[in-house]
Each structure stands twice: as structure tokens, then as C-alpha cells.
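Only one structure is covered here, and it is reproduced in the block below.
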């Protein structure tokens, strides 16, 4: 069977825009000879729609768009994910559905059986799960229609399973000759490899070809990588679509398997962050961004990502030095702006800083300067950057990395000001790796920004390691505690000094209130700070663990 996998970048709630993308992909696939053209999960509404699903007009708009799509179909089938009202009550009002459209009508509709409710997923909040899923007849063949999570529970791959059912095997046992899956599977580092091994193993395990169409694009903090693919009945990859961009992949289920090049981790991460940044701004109605350029590594990386995403003409860099800012940092910021071709201006914060200290002198009488004055500098920078953002309609990007956010090495209402935390899920050690990858052909990020000791430059001769362990140690502890869920004792047993582990964990726990007020973070690891990590702020559990 000739199939087209149309991985499109839907915008949540843009029903007319999403419908137009679907119709264009369908036209192209049908003209190329596809018998069925696949689109992602909830492609009509965009994924995830979250509490928009509680609005009746949102549901009606989705249903109306699906009816128009059905009326527009010809001989080729169109397989698309959409919303459906639950016909059986009591139960939740909606179901996550997929329909096969052809010849101006809906041939068949199937509903999602397994509803993920973990990490960033909350589908059980909105949808009723299907209790059965039978094959569909299409052109003399029985095909199985599944939605995303329905394939993520195969006992042949997972030693611990979340659900008692395996819809893919149920369909194969019911006579399905081919399996189709429409998906909205967000990406994190390494997930594409896990996903492809799982899908290949499932195809081989049930002995059926498997056609998988994934969403692509950024929606809020989630980045979808696409990488739609087809697998034969032996689990061999027949064809694979592009990562991090829209694509129309044509394949034949009788074709020979193919070999593919794998992009490196740094390249994938760079592409994911660029896509997430571009879509977040554009889908929120922004065309330009600005950021503070400190001369340090983090702001340099965010500037490079912004230029790739938006174009140099749409990125504005601002240096906001104080008396503690080194000449080297100012030179590095200027060199970066020149290398990237972005506008750059210098607005010193010393005058307002001096004015604020004078204003507070009586109130602070008898008390030495401390982090209060350091934070005051960061907050003055935030005030000035937000003023520029308001005046010129450019979104302010925060430049803090995951390591800093984890331990609270950031200032609330200061350097945390902004609309998007672009690298808030990128550990400092990975920031360095990305910067060196960006410089692989020529120097874009000044070498000094990469190699000099990191510093907030809020007091004389300050470095990050005055307050924190070396980032190689810190990031390893953070990965174990935040992403792997290990206890202090387990981390110490792995070879880390217990006092250092205790210090880092105390910082993590004490900074939850800051992270709750932070800008949205683009998720690129298994556990980001955001909707997938929901801890109470006021709590005492785990103080000794």
C-alpha cells in the first residue's frame, strides 16, 4: 500500500489554519499516488489543547472542521486525529479520536484506548478511554487505527507497563493487516531512539507493517520532533521523515528497508530549541525578541538560538553594565553581537543603582551590603529590559540555564524577567557543549565567553563556584535527583560527597517558589521544571532523604 505521512505543525485553536495545512497535505499526498494520507493526533485542534477542551465552542469548531475535511476528500483516504463527543454517558464528555475520511464522508472512527496521565500529559482529565478497537475495512484490507499512547504499552518492550491492555496486539489478533498510528509525541534528548526501537519491536512482535505519523512544532513548553516513519512486518525501517520541520513522507509498505544518518545530540538539541523558540514567539503573535547580553555563555547561546529562529534583524541585544562588569565581558558581548549581526546597545545601570541605594540608605542604616544589593542590580536590569520589551513589542528572553534554575542561582523579578526561558531545561555543561558545536566552523560565540569562569558579576571578583560546586558535579547531582528521582543517600553512594549533595538538594527544595513564577521552559530533557514536575512549595517531605 502506498502511504503518505504528513507531519504538520498545528497551532492550538487555529482551526482554519490547521484545516488548510491538512487539505494541502492531503492534496499533495493524493497527487503523488497515496492511498491514505496520515496526519497527527488532534491535528485539527492542535495538541495539547488543555482546558480549551472545557469550552463548548472549541469542540464545535473541531467537529465543524472535520466535517469540512470529510466533504473535501476524494478517492484517497485521509486519516486525521480530532475531538469527538462521548456517545456513552456517564463518563467524560470527550474522546480523543481518529477518523478515516474518503469520498466526501467518514468511513470509520476509532477512539484512543490508553490515556497518558503522567509527566506533561493530563488526558484523563478530559477524555474517556475507548474500551475496544476493531479493524477497519479499506480497499479490501483490514487496517488498525491507533492513537499515540496506544502503541506505548507493548510487553515485548516495557518491563513495567502502565496499562493492562495492548491495543496494537488486540488489533493484530482481530485480523488487522496493517497498523496506523497518529501521534503527538513530544521530544526530549534521546526519546527518538527509544521511540523508534519500541515501534520497530512492536511491528516485528505482531508481524504487521506499522505506519507512524507524528506531530512537529512547538506548542508552549513542548517541542514535537516529527520523525514520522514506516516499519515493515520484520520491524525494519522503510522510510523516515525529517526531524523538527514539516514534511510529507511517501512510502510503500512493500518497499525494501533503508538506512539513515543520525544527527548528533548537539545538532538535535539546537534544532529543537530553535523550533520551540520560533513557534512560541510566532504562535503568541511576536516577531522580534530582545535579551540582555552579559558577555557570558548563557546569553550568548540564547542570542545565537534567537538569530537562527527569528533572523538577525529581529533580535536585539542589550548590555547593562555596572561598576562590577568587566571590560572583557563588555567586549565579548559586543563581539557576539557583531558575529551574529544583531543590534546592540549599552545602557549602564550604575545611575539607577546609585539612586536606589541612596533611597534605601536610611532604611538599611547599620546593615552591611549583601545579596540585597546584588539582587537590586539584577532587578534594575529586569526593569530596563521589560521597558524595552513593552516599548518595542519584542519578547524578552530569559537566559538562565537549568543548573541555575534548579538551585535558585537567579533573581526573581530580575534576570528571571521575560516571556520564555529558552535554555531553562539545558544544564550548564550542555550549554558549553552546544556553544562549541555552534563554533564548529567559525567563531560565533567568543571563545572567552566559553572558557572564562562563569560569573554573575554582581560583586568584585565573583564567580559561580563561590556559591556552587563545579558544574560537572552540580549537573550530575541534579540529573540524579531531579530527572532520575534518586535520594540523597543513593546519590552519595554513587561517589558524591554527602555534604555537597545535601547542600545542592537544600538549594533545589528552597527554590521551588522561584521556579513557580518563572517564564515557561522549553522541555528538552526527561524532566523539566514546569507542568511535568508538580511539587508543592510549602512542604517538608524528604528533608532527610
**OP:** Would you mind ranking 329, 338, 10 so that the residue whose beta carbon has the fewest other beta carbons within 10 Å leads the list?
**Re:** 338, 329, 10
Subject >> Two-site label geometry, residue 252 and residue 93: point separation in nm, points 7 Å out along Cα→Cβ >> reply: 4.8
**OP:** Provide, for q = 0.09 Å⁻¹, the log10 of I(q)/I(0) from a solvent-free Debye sum over equal Cα point scatterers in the chain.
**Re:** -0.72
Subject >> Gained length - residue 331 relative to residue 370, 0.36 nm times residue gap less alpha-carbon distance >> reply: 11.3 nm
**OP:** Give me the angle, in degrees from 0 to 90, between the Cα long axis of helix 327-340 and the longest principal axis of the Cα atoms of the chain, rounded to the nearest 10.
**Re:** 30
Subject >> Alpha-carbon Rg with Dmax, taken over region 2-255, Å >> reply: 16.4, 46
**OP:** Fewest Cβ neighbours within 10 Å first, please rank 284, 213 accordingly.
**Re:** 284, 213
Subject >> Cα extents of region 307-355 along the three principal axes, largest first (Å) >> reply: 37, 21, 12
Original post:
Quick one: helix 56-71 against the long Cα principal axis of the chain, what's the angle to the nearest 10°, folded into 0 to 90?
Top reply: 50
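Could you rank the peptides 92-102, 142-152 by their average count of other C-beta atoms within 10 Å per residue, with the highest value first? Don't skip to the end; give the middle numbers.
Working: 92-102: 22.6, 142-152: 25.1.
Descending mean neighbour count gives 142-152, 92-102.
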Original post:
Arranged by the count of other C-beta atoms within 10 angstrom, fewest first, what order do 347, 423, 8, 450 take?
Top reply: 347, 450, 8, 423
Original post:
According to a simple spin-label model (label point 7 Å from Cα along Cα-to-Cβ), what is the distance in nm between residue 483 and residue 361?
Top reply: 5.0
Original post:
What percent antiparallel are the DSSP beta bridges of the chain, to the nearest 5?
Top reply: 55
Original post:
Which FRET efficiency value, to the nearest 0.05, do you get for residue 535 and residue 494 by plugging their Cβ-Cβ distance into 1/(1 + (r/R0)^6) with R0 = 25 Å?
Top reply: 0.65
Original post:
How big is the antiparallel share of DSSP beta bridges in region 2-255, given as a percent to the nearest 5?
Top reply: 65
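Over region 226-341, what is the percentage of antiparallel beta bridges among all DSSP beta bridges, to the nearest 5?
Working: 4 of 8 bridges.
Given both bridge residues lie in region 226-341, the antiparallel proportion sits at roughly 50 percent.
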Subject >> Cα centroid separation - region 12-55 against region 485-529, whole Å >> reply: 39
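Sort largest first and round to whole Å: the equivalent ellipsoid semi-axes of region 238-319, each the square root of five times a Cα gyration tensor eigenvalue. List each step's numbers first, then the result.
Numbers: eigenvalues 240, 48, 10 Å².
Value: 35, 16, 7 Å, ordered largest first.
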**OP:** Taking the chain as the reference, fit the longest principal axis to its C-alpha atoms, fit the long axis of helix 371-392 to the helix C-alpha atoms, and give the angle between the two in degrees, 0 to 90, nearest 10.
**Re:** 50
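Here, each number is a calculation from the coordinates, and none is a lab measurement. The structure presented is a predicted model; accordingly, all values stated were derived computationally and were not measured. Please note: Cβ atoms are built from the backbone with ideal geometry, for glycine as well, and neighbour counts cover all protein chains shown.
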